[in-house]
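In what follows, a single structure is set out as structure tokens and then discussed.
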Amino acid sequence: MMETFSDSAHRQLSQMLYTLLFFHISEYLLAIACHGKSKVTTESLLISKDYILAMTFSVTEYLIGLYYFPTLKQNRSISNLGLYMVIFGETVRKVAILTAKKAFTHIIQRYHEEHHKLITTGIYGIVRHPGYTGFFIWAVGTQIMLCNPVSTVAFAIITWCFFYNRIPYEEFFLKQFFGLEYDAYMERVPSGIPFVK
């Protein structure tokens with residue numbers, strides 16, 4: 001049993017490490033590809049104090065669960081579901097970035113720039129905020145992959161609340177930039193985050 005237990009822990013923690021490395025490095029490299037190195041800072045790695053705190057909580061829950069509830073961590077079906085969610089969420093987010101190119105930024109734009117166009121085709125024809133949709137799925141998936149029940153619920157609630165506030169704020173500016181065209185887009189395409197119009 002100890003051998004299987006060790007294999008599960010090694011697999012899950014390795015997947016989490018690779019997941020985090022790929023996500024953050026690819027975000028940074030895509031920001032450079034879309035905007036040029038001179039316009040990209042380390043903020044494009046998307047690592048904040050809150051994010052570090054959340055990931056620390058996640059790993060702490062994992063290690064406590066590993067010690068007190070080892071059989072919970074051995075549920076390969078649940079862990080694999082989380083891995084599939086991570087891959088799907090990552091793919092949705094990266095397709096969003098590659099589709100929008102320069103129109104995709106990590107910081108909400110409050111001023112309309114010349115190159116800023118309203119993207120409504122491709123994945124943006126399915127959901128208005130596919131980058132957020134992808135991140136939401138990715139974040140919750142990381143915790144399901146680790147079989148972390150508390151962090152799964154916490155990540156879902158906190159990430160949802162973040163987007164619940166961010167989307168209306170961002171769309172306030174998008175309506176100013178694109179006017180009726182954005183209003184029509186909002187009417188026909190959902191936000192991509194559950195229960196956020």
Could you rank the peptides 136-145, 156-165, 179-188 by their average count of other C-beta atoms within 10 Å per residue, with the highest value first? 136-145, 156-165, 179-188
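Please give the charge dipole size of the range 143-197, origin at the Cα centre, charges +1 on K and R Cβ atoms and -1 on D and E Cβ atoms. Round to the nearest 20 debye. Don't skip to the answer; put the middle values down first.
Details: 4 positive and 5 negative charges, 33 e Å.
Using only the charged Cβ atoms, the result is roughly 160 debye.
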Could you work out the relative contact order of the chain, using alpha carbon pairs under 8 angstrom and six or more residues apart, expressed as a whole percent? 25 percent
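Filter the DSSP H helices in the chain by two things, a Kyte-Doolittle mean of at least 0.0 and an axial alpha-carbon span of 27 angstrom or more, and list the hits by number.
On the way: long enough: 2-35 (49 Å, 0.39); 49-68 (28 Å, 0.62); 76-100 (36 Å, 0.83); 149-178 (42 Å, 0.67).
Result, helices passing both filters: 2-35, 49-68, 76-100, 149-178.
Give, in whole angstrom and from largest to smallest, the semi-axes √(5λ) of the equivalent ellipsoid of the chain, with λ running over the eigenvalues of the Cα gyration tensor.
34, 17, 14
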Spatially close lysines, pair count over the chain: Cα under 19 Å, gap of eight or more or interchain: 13
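At a threshold of 8 angstrom on Cα-Cα distance, excluding pairs fewer than six apart, so keeping six or more, what relative contact order does the range 97-163 reach in percent?
23 percent
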Could you do me a favour and compute the accessible area per residue for the chain, 1.4 Å probe, result in Å²? 58 Å²
Between rounded, prolate and oblate, where does the range 4-74 land on the alpha carbon gyration tensor, with a ≥ b ≥ c its root eigenvalues, rounded for a/c under 1.5, else prolate if a/b exceeds b/c? oblate
Projected onto the charge dipole of the chain (+1 at Lys/Arg Cβ, -1 at Asp/Glu Cβ, origin at the Cα centre), which of TYR68, LEU17, GLY131 gives the Cα projection farthest towards the positive end? GLY131
Please compute the alpha carbon radius of gyration of the range 84-168, then divide it by the globular-protein estimate 2.2 N^0.38 Å. Two decimals is fine. 1.19
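The values are calculated or read from the model by the stated rules, or taken from the named source; none is laboratory data. The shown structure was predicted, so the numbers you read here are calculated from the model rather than taken from an experiment. Cβ coordinates were reconstructed from backbone atoms using ideal geometry, including for glycine residues, and neighbour counts include every protein chain displayed. Keep in mind that these areas ignore ligands, DNA and RNA; they rest on the heavy atoms of the full protein, side chains included. Shrake-Rupley method; radii C 1.70, N 1.55, O 1.52, S 1.80 Å.
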